[in-house]
Each structure stands twice: as C-alpha cells, then as structure tokens.
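J.: Just passing along the structure, written as structure tokens.
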Amino acid sequence: MLNTLTRKDQLKHMQEVDYDIVVIGGGITGAGIALDASKRGMKVALVEMQDFAEGTSSRSTKLVHGGLRYLKQFQVGVVRETGLERAIVYENGPHVTTPEWMLLPFHKGGTFGHFTTSIGLRVYDMLAEVKKNERRRMLSIDQVLEKEPLVRRDGLKGGGYYVEYRTDDARMTIEVMKRAAEFGADPVNHVKADAFVYDKGKIVGIRATDQLDGETYQLLGRRVINAAGPWVDDVRSHDPEAKKGKKQLQLSKGVHIVFDQSDFPLGQAVYFDAESDGRMIFAIPRSGKTYVGTTDTFYNGDEKEMPAVTAEDRHYLLDAANHMFPGLDLTDSSIESTWAGFRPLILEEGKDPSDISRKDEIWEADSNLITIAGGKLTGYRHMAEEIVDLVARRLGSDYGLKFKPSDTKHQPISGGDVGGSENFRAYVRQMADRAPSFGLTVDDGREIAQKYGSNTDMIFEIAGNLKDTAASDRYGLPPAVHAQVLYSIQHEMAYKPTDYFVRRSSDMYFSIDKVNQYRDGVIGLMNSILGWDEETRTRYEAELDRSYLEATRPAMEK
Ligand SMILES: Cc1cc2nc3c(=O)[nH]c(=O)nc-3n(C[C@H](O)[C@H](O)[C@H](O)COP(=O)(O)OP(=O)(O)OC[C@H]3O[C@@H](n4cnc5c(N)ncnc54)[C@H](O)[C@@H]3O)c2cc1C
C-alpha cells in the first residue's frame, strides 16, 4: 500500500525481491504499466524520483479526450484510439473524470466553418464510437450565445457542441498507482534511479537513491522499463546501448493560465482557434475558476523540474482569450495562477511542435532496456497493455515464464468501485447524506465523495475518529481537511506539503485560498506525523512557497 509511514520498510523489502519488471517513472505511463503488469501476476517495482505525477502528469490540460484537433492533421489512428480509450477511462474512474460538453464556435474567416465542423465532429463521433446521447449537435448563432454569452459576436456563424471528459490528471495517476499496489506492485516516490545494474552486458536492475535521506538501494528485475517522460533521454544516457538509439525526444512546453470566475465568468467549456496562428485552445470553467491553455513551443533547456511560464507564454494565451471573449479585458494581473509542463514528443525533423504526432513509441535496446515515450494521458491503459505484452513475450522466451493476458479494460482504478459511471451521482448523494454522522458537513461529504469515489468511507472513518479528539483544533484545520491530509499520508504516500497541496488536493491550482488558509496547519500536522527535523521543515516550507510563487507570480506582478 502507498503508506508513507511504512515507506522505508517497503524500500528495504524491495531490495530482497527478484522483480519481473522495474519501472522508472511514476507518471501516468509508469502507473499504467504497474497496474497492467501486476494484474497479470508479474512482480513489479516502480521508482519515482519526485512525487507521483510530479512530471507531466500533473501539468496537462486535464482532459481525457479523443483529440479533435488531431483530426485536422488527419491523425485518424490517434483520434480513434484515444477516442475509444476515453470511454474506458471514464467508466473505470468516474470520480476522476467528468463529462464536459464542449462548445466549438466558428467565425467568419476562422479555421472551421459549419460544414467542416459538422463533418469533423461526425467523424469524431464515429471514430470514438460515441454514445447516442453524447453525439455532436450543431448550434445556431443564438444557441451559441445562449450557451456562452461571452463568445465573440462579431463574425459568429454558429457552433458545434460535443462531449469531452474533464479529469484531475494527478489524482488519476495516483488512483491507478494505488490499484496497482493493491494488485501487489511496489511503487515508491522520491526515489531516483541513477544507474543500471548489468550482468553479461544486459540490464538486470537499477541502483537508486532515496531523495529524502540519501540512502541507496539496488533493485533487481528481469526487465527495466524507462517510463521517465521528459527525462527518458537522461535515463537512456546511463546505458551505452540505449544511447546509441537514433530516436530522440523533443520537448515541447505547454502553459495554462488560471483566472478567478469573478474576472472570467465562463459558464461553458469552449474550444477555439487562436486568432494569431489558428492553434486550438481550451477555456474551461472549473471549481470557481476558468483556465485557458495551452501553448506548444519547442524547449531545449535543461531545467525540467519546474518549467517557467514566460511573459510571452502568458501574452499568447491572453491575446487568444481576449480575442474570443472580448469585453473581459483580461490582463496579466487578472491571472491568478499558472502551470506548465513538457510534452515528451518524438523528434520529427522540420515539423512544428503542434504537428508532431502524439503517438507513443517503444524502443528496445540491446542491453534489454525498454523505453516508452510520447502518447497521451488518455491512452495510458492501452499503452500499458502494449508494452507489458512485449515484456511478457520477452520473459516467456528468456525465462519460460507465462503470464495472463492484459485485463484492465473493465478494471476500475482505486476509488472507481462505485457501480459504474451511471451510478456515480447517486453514490455521491448517498455519501454526502452520511457525512454528518462523521462530524462533516453535507457539502464536505459531497466534495470528498466526488474526489475519492469509493475510498470515501476511509476518509469518513478518519474524520469520525477525529471527532472525539482535540486534534483538529490544534492545527486550525477543519475535520475534512485534516482527514484528507491523514489519508494522503497513510494511503497515497504524501510526504511533503507540496505533495498534498499540488497533487493530492489540487488546491494550488484551483483553490489557492485554501493554500493561504491552511498552509501552516497542514505543515504542522504533517510535521507532527512525519517528524521532519528543523532543517527539513524549513526546506519543505521554502519548496511550498516556491511552488506558490511559481503558480501566482503573474498575479503578483501587478
Ligand atoms: C501542456 C500539456 C497538456 C496536455 N494535455 C493533455 C490532455 O488534456 N489529455 C491527455 O490525454 N494528454 C495530455 N497531455 C499529455 C500527457 O500529459 C502526457 O502524455 C503524460 O502525462 C505523460 O506521462 P508520463 O508518465 O509518460 O510522463 P511524466 O508524467 O512526466 O512521468 C515521468 C516521471 O518519471 C520521473 N523520472 C524521471 N527520471 C527518473 C529517474 N531517473 N528515476 C525515477 N523517476 C524518474 C519523473 O519525475 C516523472 O514524474 C498534455 C501534455 C502537456 C505537456
């Protein structure tokens, strides 16, 4: 289980196991592999050098989508595959994916017209085998403005209306990881793979360092999979054979900017083309905020941990939003927070970033190192199936081992056991009604059930146990927050305040007020349980403040 309190014991135990697979990277790709492989009966170790999902998998546009824009580039295969996967991902985790009707307005002189939108969305529906009640509709000018009065009226000719799914990418990754652990995988965060272990020229494991205390470990496995996202080339550089491979990564930076609804009161998700270059951009309302993204620009720097959001990035998005939603007059000072990530794309000489295929690729080196890169959050399950199939074949021929075929299509992720997507709303209502008997409000209950799905019981129980103690008061935290922090430590391997505020709660992006309000209480509570020394506490506080500053800087530069 992902328990921070037993993390060191787990690491010691991991040294004793002969794994079938050692995965490097705890983003959605690594998590998906751990789930697919462990469900087939393979022994799986996974190391993540930062927190789970701290790389690209917490920095996406947060959509589980078929990638309508890829249709424009005739990447029909990608649209079909991700479109079909969309439905599977939703069904297996309705608590981390929510259907979101998307408005696609078209204007005189824009990329799309009535005909192209109508045909494009129809093809999209067919490729993705969209359910009848979610198929596209075409809207008149009045209907577009009724759905979203903020849309530019000048030159408006109509719109398309179709469904995508909104997700919390970091929580989705963590829920996949938790389920993998339930099937026997051993994932551990804040542990960096820094060298390979060889036997007769073949990789048979990794050496790794615990980033929290500097202790080193050796983990052995029959195959090592490099699922390090933007860092796959850094990992490959440790192996002379993998280094010889011709394929290379090309990183592309993607930025999002977040507004409070008081500045950008968008009621309806809108997908529109930027006036300056015709690229497609999302504007999405969520939890009292509206976010706009993304950019897509080549990045060749070395700093990959915390991609910087430049004035150019912000102004590109501000210009695009101000053009599509005139009258708002959004400026730098209206931006409340931002986030940015790197797309790990496969280099295709001479192509613009937006034109490079999002298809995943797998490379095998003579040293047996297997690398996977590219792809999308949405396609994680299918990618995992593909790569674990390959490993199963290799372990069959090298060791005579046999494993079950992939079986994740109908496998709910952790929290997803709510009786299917159709039952989810009823489940949330039912849990919200039960919340008061655990010392929580009905609203708390609803919010928790919506976020944690079928794990809600566990959080309620923790909250119930707090009722009779003065524990909550000591840190000035409401029981709902207190219980979620404890749950994140005991069941989701949160160790640092940023682990909680950025990737367990998403407060850093969507409830910055909660970060302001509960910062000291959460730090105090985590410290009381995890027993950091003074220097460590100061470092973590500084890390949280840096992350806060990164997220809010544009808003502060008034
Ligand atoms: C701006 C943007 C928007 C996007 N929007 C969408 C979207 O809306 N929908 C969608 O489906 N997809 C989207 N994507 C794509 C999607 O986010 C990525 O394809 C996916 O998150 C990649 O996951 P990953 O696990 O391969 O990489 P990552 O999430 O980066 O995971 C790799 C992990 O490896 C770890 N690591 C690296 N080196 C080591 C080491 N030596 N030892 C241990 N660990 C190591 C890193 O810390 C990192 O956490 C978007 C991407 C970007 C950048």
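The values are calculated or read from the model by the stated rules, or taken from the named source; none is laboratory data. The structure displayed is predicted, hence computed values, not measured ones. Heads up, the Cβs are rebuilt from the backbone with ideal geometry, glycines too, and the neighbour counts pull from every protein chain shown. Please note that ligands, DNA and RNA were not included when accessible areas were found on the heavy atoms of the full protein model with its side chains. Shrake-Rupley method; radii C 1.70, N 1.55, O 1.52, S 1.80 Å.
J.: Please pick out the residue among Gly27, Gly55 that is over 21 Å from Ile88 (Cα atoms) and open to solvent by 10 Å² or more (accessible area, probe 1.4 Å).
T.: Gly55
J.: Please go through segment 98-130 and pick out each residue that is open to solvent by 20 Å² or more (accessible area, probe 1.4 Å) and within 25 Å of the chain's Cα centre (by Cα).
T.: Answer for segment 98-130, where residues must be open to solvent by 20 Å² or more (accessible area, probe 1.4 Å) and within 25 Å of the chain's Cα centre (by Cα): Thr98, Pro99, Glu100, Trp101, Leu127, Glu129.
J.: I need every pair where a residue in segment 242-253 that is closer than 17 Å to Ile225 by Cα has its Cβ under 8 Å from the Cβ of a residue that is within 15 Å of the ligand (Cβ to nearest atom) and among the charged types (D, E, K, R), sequence separation at least 6 or different chains.
T.: Ala242/Arg236; Lys243/Arg236; Gly245/Arg236; Lys247/Glu361; Gln248/Asp233; Leu249/Asp233
J.: For segment 493-529, how many residues are acidic (Asp, Glu), surrounded by 20 or more Cβ atoms within 10 Å (Cβ to Cβ) and touching a residue at least 40 places away in the same chain (Cβ under 8 Å)?
T.: 1
J.: Mind checking which strands (runs of 3 or more DSSP E) fall wholly inside segment 285-370 and carry at least 1 residues that are on the phi < 0 side of the Ramachandran plot, under 19 Å from the mean Cα position of the chain (by Cα) and within 16 Å of the ligand (Cβ to nearest atom)?
T.: The qualifying strands (runs of 3 or more DSSP E) are 289-293, 335-346.
For (1) closer than 29 Å to Phe282 by Cα; (2) charged (D, E, K, R); (3) surrounded by fewer than 23 Cβ atoms within 10 Å (Cβ to Cβ), each residue gets a yes or a no:
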position	(1), (2), (3)
Met1	no, no, yes
Asp9	no, yes, yes
Lys12	no, yes, yes
Met42	no, no, no
Glu48	no, yes, no
Asp51	yes, yes, no
Arg59	yes, yes, no
His65	yes, no, no
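J.: Can I ask one more? Look through Tyr70, Tyr19 and report the one residue that is modelled with pLDDT of 95 or more and of a type in the set (Ser, Thr, Tyr).
T.: The conditions single out Tyr19.
J.: While we're looking at this one, here's another question. When segment 271-308 is examined, which residues are found to be out of contact with any strand residue (DSSP E or B) (no Cβ under 8 Å at 6 or more places or on another chain) and closer than 13 Å to Gly254 by Cα?
T.: Within segment 271-308, Met306 is the sole residue that qualifies.
J.: Which one of these does Val176 not meet: (1) in contact with a strand residue (DSSP E or B) (Cβ under 9 Å, 6 or more places away or on another chain); (2) in contact (Cβ under 8 Å) with a residue 40 or more places away in the chain; (3) of a type outside the set (Phe, Trp, Tyr)?
T.: (1)
J.: Just give me the residues in segment 1-45 being out of contact with any helix residue (DSSP H, G or I) (no Cβ under 7 Å at 6 or more places or on another chain) and over 28 Å from Leu486 (Cβ atoms), in sequence order.
T.: If the condition is that a residue be out of contact with any helix residue (DSSP H, G or I) (no Cβ under 7 Å at 6 or more places or on another chain) and over 28 Å from Leu486 (Cβ atoms), then Gln15, Glu16, Val17, Asp18, Tyr19, Val22, Lys39, Gly41, Met42, Lys43 are the ones that fit.
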